[in-house]
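Remarks on the structure that follows.
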Amino acid sequence: MSGGGVPAGSAVRRIAVIGAGPGGLYFAALAKKLAPHREITVWERDARDDAYGFGVVFSDETLDGIAGADPPVFAALSAEFARWSDIDVRYAGQVRTCGGHGFAALDRNRLRAILQQRCADLGVDVRYRTPAPPVTRLAAGYDLVVAADGVRSATRAALAEAFRPELDERHCRYIWLATDKVFEAFTFIVEQHDFGALQVHAYPYSRRRSTFIVEMAEEAWRKAGFEEPAGRETGRGESDLPSVLRCERLLAAHLDGHRLIPNASRWIRFTTVRNASWHHRNVVLLGDAAHTAHFSIGSGTKLALEDGLALAAALHEHPLLEGALVAYERERRPVVESAQRAAQASLEWFETVGRHTGQGAEQFAFNLLTRSRRVTYGNLRARDAAFVDAVDAAFGGAADGGAAARAGTAHGAASAAGSPDGGAAGVPPMFRPLRLGRLRLRNRIVVPPLATFTAVDGMPSGFDRAQLGAQVLGGAGLVFTGMTAVSAQGRATERCPGLWTDAQEAAWRSVVRAARELGDTPLGIQLTHAGRRAASTVPGPDGIGHPLADGWPTLAASPLPWEPGAPPPRAAGAAELAGVVADFAAAAARADRAGFDVLGLQFGHGHLVSGFLSPLTNHRTDRYGGPLEHRLRLALEVLTAVRAAWPAGKPIVVRISAADWAPGGTTEAEAVAICRALAGAGADALDVSTGEVVAHQEVPYGRGYQVPFADLVRNATGIPTVAVGAISGHDDANSVLLAGRADLVAVGRAHLYDPLWTLHAAAEQGYAGPGARWPEPWQPGSSRPPGPGADRVAPRLRLLPEAAAPVHRRWLPADGPAAGSRDEDAGRRDEDAGSQDQDAGSQDQDTGRKPRTEPVSD
Ligand SMILES: Cc1cc2nc3c(=O)[nH]c(=O)nc-3n(C[C@H](O)[C@H](O)[C@H](O)COP(=O)(O)OP(=O)(O)OC[C@H]3O[C@@H](n4cnc5c(N)ncnc54)[C@H](O)[C@@H]3O)c2cc1C
Ligand SMILES: Cc1cc2nc3c(=O)[nH]c(=O)nc-3n(C[C@H](O)[C@H](O)[C@H](O)COP(=O)(O)O)c2cc1C
């Protein structure tokens with residue numbers, strides 16, 4: 001093999017490309033265009049005209065990239081695009097439409113044909129019906145081998161030790177079809193059948209055809225009876241016709257008499273492909289061979305084309321091959337991983353779609369559209385304000401039917417509270433009130449427990465007093481103290497406060513009184529016994545404390561040290577556990593006398609009760625260990641005792657770790673069962689956190705990474721939930737609430753950064769209603785001060801105002817299906833469809849592709 005020292009740039013003369021899919025062809029064309037003297041050979045095992053697959057769909061962003069890189073290809077593609085901006089969500093017999101998205105789609109085979117033609121024009125040697133020679137032979141004879149051989153890449157398998165691939169086969173079955181019904185918009189269909197939920201992802205891609213992918217969770221697919229036809233022998237290229245006909249019958253209401261059209265269509269499972277490395281010596285992976293992203297975010301072809309572009313550019317820009325390949329991977333990996341994170345959230349949402357099929361049509365549509373976390377409340381509002389207004393209004397009117405009320409009806413615990421603007425339009429979801437037990441919260445934002453580690457001898461400090469006061473001033477609907485131990489032994493650190501003496505009770509009463517002078521925000525206190533996490537150091541930057549070598553004796557379910565070398569805790573005996581239960585109850589009574597409104601219980605993060613719940617830390621064989629009912633025993637004993645000691649109308653919020661992020665840990669089903677049991681024993685809401693149960697956890701930190709667990713618990717049980725963890729923008733908070741993923745959103749560190757986070761969020765959203773109350777003395781500062789340059793007034797620079805892009809555009813080709821559906825400028829669009837090739841440059845106007853939204857990061 002040639003090594004990494006081969007000069008690149010225009011000096012990489014001989015390139016072998018395995019696979020003439022979109023990625024391989026686009027790379028070959030661009031690499032040849034940049035250096036025409038190059039000899040580029042592409043091997044493709046299929047014939048030139050073999051037609052597999054149906055449509056591919058692109059977003060505006062990708063089109064910009066393609067437009068810039070190679071205008072002839074872009075012009076040819078543009079001539080064929082079906083374009084629209086609407087997404088229709090068909091659900092429970094209703095349709096909800098959201099506009100402003102901007103899509104372009106075309107026949108996958110036309111895409112290939114255009115790229116084939118471009119390669120031919122530029123002099124790339126594409127050899128059809130010719131399997132590529134073994135990669136070792138190619139690598140020895142060429143300066144560079146580009147493996148663009150698709151999701152089942154043989155090159156990747158041959159060099160698996162170098163690329164270290166990870167193939168994650170997912171849980172749904174899907175079948176890729178077309179139909180001669182021309183949909184007018186991107187169409188999601190979600191139907192609940194007696195066998196389970198079924199979903200369709202459909203979009204038009206020409207004047208005659210739409211892509212139509214039918215997808216089902218494995219269990220529903222089996223129950224629906226698809227296993228038998230899918231198991232029959234079929235030759236290469238043959239379709240599973242009985243399944244196709246069955247789908248046609250099941251979905252007849254959406255097909256309006258049209259057919260489903262198979263093409264080598266069989267039930268398959270999606271495989272997410274990841275590779276630890278994308279290049280090895282002079283072999284590089286590109287497109288699906290390197291990575292895949294679930295089709296529900298429609299970006300596999302886009303990623304393959306972008307890879308081709310980036311690799312061709314890197315070869316041009318770097319003098320050495322190794323440098324070019326490193327630059328290619330460095331540039332593409334973050335983009336791909338971001339798409340894969342969005343795709344992962346999206347595919348998981350569809351895998352568990354049955355969780356949400358109890359939602360109303362508005363909320364379901366919003367939930368579906370924001371499933372990948374890339375599209376948010378603010379983002380959708382900028383695209384189609386009327387759509388978000390309708391969802392907002394349904395959410396605001398939830399007192400008699402929306403999500404929070406649904407939870408309230410089931411448990412009598414939480415419901416949308418009536419208020420002056422509780423049902424009014426134009427109120428951001430985070431500023432909707434909520435009733436929790438007897439308490440009315442003025443908004444949905446919670447300051448979660450945030451320990452200050454400033455206590456001495458278990459007494460709350462001046463800083464605890466200042467922090468609680470600052471958070472009360474900051475406008476959140478509910479503010480918690482940090483963890484407070486029920487006994488000296490139960491303190492996580494020496495600097496944690498407690499509530500087991502009269503002096504501590506008096507000190508907390510004084511803290512509460514001081515906070516009350518600043519505002520009437522409900523105050524919560526979190527009680528804990530830290531279990532084996534007691535007697536630890538104050539946490540460092542990673543947020544985790546480590547057991548002190550010379551700390552006090554600790555107690556846990558089993559004598560397992562937190563980390564190797566740490567002092568092991570003692571396995572608690574029955575009498576000790578009874579003592580812990582009594583300590584919790586006594587502390588709850590003290591908390592009530594101190595004036596707190598809400599009791600938080602720390603049953604997560606590996607503290608004592610959490611350690612009993614998790615199978616990783618509870619190895620007992622007595623009535624507190626073994627099956628989940630046993631592991632739950634301590635939690636239920638504590639909660640029952642606390643409930644008896646704590647006034648009936650005052651809420652109890654229990655924090656759990658719904659996942660341990662380590663093999664063999666708490667499962668999703670167990671998390672749901674735990675929450676059900678806790679609600680049955682008197683918890684009014686579940687604060688759904690994860691992790692910190694074992695030191696060897698591997699946590700996939702990211703924006704809102706714990707939200708799916710709050711969603712799981714809420715929608716599987718109807719119990720009100722608090723979502724927490726890396727939710728730091730009001731846009732994300734609004735999205736979580738409006739989609740019905742949680743009833744409350746806890747914002748932690750962002751409130752340490754800015755204790756007025758909630759009030760500032762109100763100002764930024766132009767909200768000034770009762771959900772956000774500025775402290776009276778600070779009223780003059782209640783709007784954002786003008787920044788530098790605010791007094792600069794821009795002159796008028798346009799003679800005529802720019803025509804606003806229509807929010808709703810539908811695909812209604814002139815000779816396509818009969819019009820009659822909603823269409824704001826159908827006449828103009830019909831013309832556009834025929835003139836797209838001539839005005840590729842004026843694409844923005846033509847398609848309404850104005851950047852309506854701010855960039856979204858994840
Ligand atoms: C159901 C479904 C729907 C999708 N919908 C969309 C969508 O709407 N939008 C979108 O952007 N993407 C979509 N995709 C993804 C898209 O199809 C792929 O991401 C894209 O085709 C990847 O391009 P590629 O060039 O990397 O690989 P491929 O298109 O898979 O091309 C690989 C080529 O390599 C050839 N090959 C393999 N091995 C050899 C060999 N040894 N010798 C010679 N030739 C070989 C194969 O024959 C094939 O032609 C969808 C995928 C699926 C499964
Ligand atoms: C300084 C600090 C102290 C914390 N103290 C506690 C605590 O006492 N009890 C608890 O359950 N969680 C505690 N947490 C975790 C937070 O309540 C919250 O779950 C976590 O910070 C994630 O939310 P965020 O990303 O919004 O900060 C603490 C976090 C921080 C940063």
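Numbers for the structure displayed
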read-out	value
Residue check for Arg156: in contact with a helix residue (DSSP H, G or I) (Cβ under 6 Å, 6 or more places away or on another chain), in a strand (DSSP E or B) and either at pLDDT below 95 or not aromatic (Phe, Trp, Tyr) (or both)	no
Top-ranked residue of the range 159-209 - restricted to ones that are assigned to a loop (DSSP other than H, G, I, E, B) and more than 22 Å from Tyr52 (Cα to Cα), ranked as nearest to ligand 1 (Cβ to nearest atom)	Arg170
Enumeration of residues in the range 93-142 that are assigned to a strand (DSSP E or B) and either of a type in the set (Lys, Arg) or over 28 Å from Ala178 (Cβ atoms) (or both)	Arg96, Asp125, Arg127
Subset of the range 556-580 that is over 37 Å from the mean Cα position of the chain (by Cα) and open to solvent by less than 20 Å² (accessible area, probe 1.4 Å) - its residue that is farthest from Ala641 (Cα to Cα)	Pro569
The range 86-124, residues that are open to solvent by 60 Å² or more (accessible area, probe 1.4 Å) and of a type outside the set (Lys, Arg)	Ala92, Gly93, Gln94, Val95, Gln117, Asp121
Among (1) in contact with a Pro (Cβ under 6 Å, 6 or more places away or on another chain); (2) over 25 Å from Ala507 (Cβ atoms), the one test that Ile544 misses	(1)
Near pairs, Cβ below 8 angstrom, 6+ apart or cross-chain, from the range 369-388 (more than 17 Å from Gly740 (Cβ to Cβ) and without any contact (Cβ under 8 Å) to a residue 40 or more places away in the chain) to any residue that is of a type outside the set (Gly, Ala, Ser) and open to solvent by less than 40 Å² (accessible area, probe 1.4 Å)	Arg381/Val388
Residues (touching a Lys or Arg at 6+ places or on another chain (Cβ under 9 Å) and more than 8 Å from ligand 1 (Cβ to nearest atom)) located in the range 146-158	Ala147
Residues that are surrounded by fewer than 21 Cβ atoms within 10 Å (Cβ to Cβ) and either outside any helix (DSSP H, G or I) or over 27 Å from the mean Cα position of the chain (by Cα) (or both), drawn from the range 310-332	Ala313, His316, Glu317, His318, Pro319, Leu320, Glu322, Gly323, Val326, Ala327
Residue, nearest to ligand 2 (Cβ to nearest atom), within the range 717-726, restricted to residues that are open to solvent by less than 10 Å² (accessible area, probe 1.4 Å) and touching a Gly at 6+ places or on another chain (Cβ under 8 Å)	Ala723
Positions within the range 189-213 being open to solvent by 10 Å² or more (accessible area, probe 1.4 Å) and either under 21 Å from the mean Cα position of the chain (by Cα) or within 16 Å of ligand 2 (Cβ to nearest atom) (or both), in sequence order	Ala197
Residue selected from the range 69-85 under the condition within 12 Å of Leu305 (Cβ to Cβ) and not acidic (Asp, Glu), by the criterion most open to solvent (accessible area, probe 1.4 Å)	Ala69
Members of the range 41-63 that are modelled with pLDDT under 90, open to solvent by 30 Å² or more (accessible area, probe 1.4 Å) and over 25 Å from the mean Cα position of the chain (by Cα)	Asp49, Asp50, Ala51, Tyr52
Strands (runs of 3 or more DSSP E) contained in the range 31-89 and holding at least 3 residues closer than 30 Å to Pro134 by Cα	39-43
Yes/no for Ala82 being within 13 Å of ligand 1 (Cβ to nearest atom), at pLDDT 90 or above and more than 35 Å from the chain's Cα centre (by Cα)	no
Residue match in the range 679-689 (condition: in a loop (DSSP other than H, G, I, E, B) and hydroxyl-bearing (Ser, Thr, Tyr))	no
Enumerated helices (runs of 4 or more DSSP H) restricted to the range 591-653, each holding at least 3 residues that are away from ligand 1 (no atom under 16 Å from the Cβ) and surrounded by fewer than 24 Cβ atoms within 10 Å (Cβ to Cβ)	628-631, 633-645
Index of the failed condition, Ile525 passing every other in (1) in contact with a Cys (Cβ under 9 Å, 6 or more places away or on another chain); (2) under 17 Å from Gly469 (Cα atoms)	(1)
Flag for Ser265 being more than 16 Å from ligand 2 (Cβ to nearest atom), in a loop (DSSP other than H, G, I, E, B) and of a type in the set (Gly, Ala, Ser)	yes
Complete set of residues in the range 1-30 that are at pLDDT 95 or above, more than 12 Å from Val145 (Cα to Cα) and not in a helix (DSSP H, G or I)	Ala20, Gly21
Residue within the range 531-548 that is touching a residue at least 40 places away in the same chain (Cβ under 8 Å), basic (Lys, Arg), more than 16 Å from ligand 1 (Cβ to nearest atom) and under 23 Å from Leu436 (Cβ atoms) present	no
Test: residue in the range 702-716 that is surrounded by fewer than 20 Cβ atoms within 10 Å (Cβ to Cβ) and under 18 Å from Glu670 (Cβ atoms)	yes
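Okay, residues lined up against (1) within 16 Å of ligand 2 (Cβ to nearest atom); (2) not in a strand (DSSP E or B):
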position: Arg435; (1), (2): no, no
position: Ala451; (1), (2): yes, yes
position: Gly469; (1), (2): no, yes
position: Arg491; (1), (2): yes, yes
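Condition check ((1) modelled with pLDDT of 95 or more; (2) in contact with a Lys or Arg (Cβ under 7 Å, 6 or more places away or on another chain); (3) among the aromatic types (Phe, Trp, Tyr); (4) open to solvent by less than 50 Å² (accessible area, probe 1.4 Å)) across all residues:
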site	(1), (2), (3), (4)
Ser338	no, no, no, yes
Ala345	no, yes, no, yes
Glu348	no, no, no, no
Tyr377	yes, no, yes, yes
Leu380	yes, no, no, yes
Ala404	no, no, no, yes
Ser415	no, yes, no, yes
Gly418	no, no, no, no
Gly422	no, yes, no, yes
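The values are calculated or read from the model by the stated rules, or taken from the named source; none is laboratory data. Given the structure is predicted, the values throughout are model-derived calculations rather than measurements. Please note: Cβ atoms are built from the backbone with ideal geometry, for glycine as well, and neighbour counts cover all protein chains shown. Heads up: the accessible areas ignore ligands, DNA and RNA and are worked out on the full protein's heavy atoms, side chains in. Shrake-Rupley method; radii C 1.70, N 1.55, O 1.52, S 1.80 Å.
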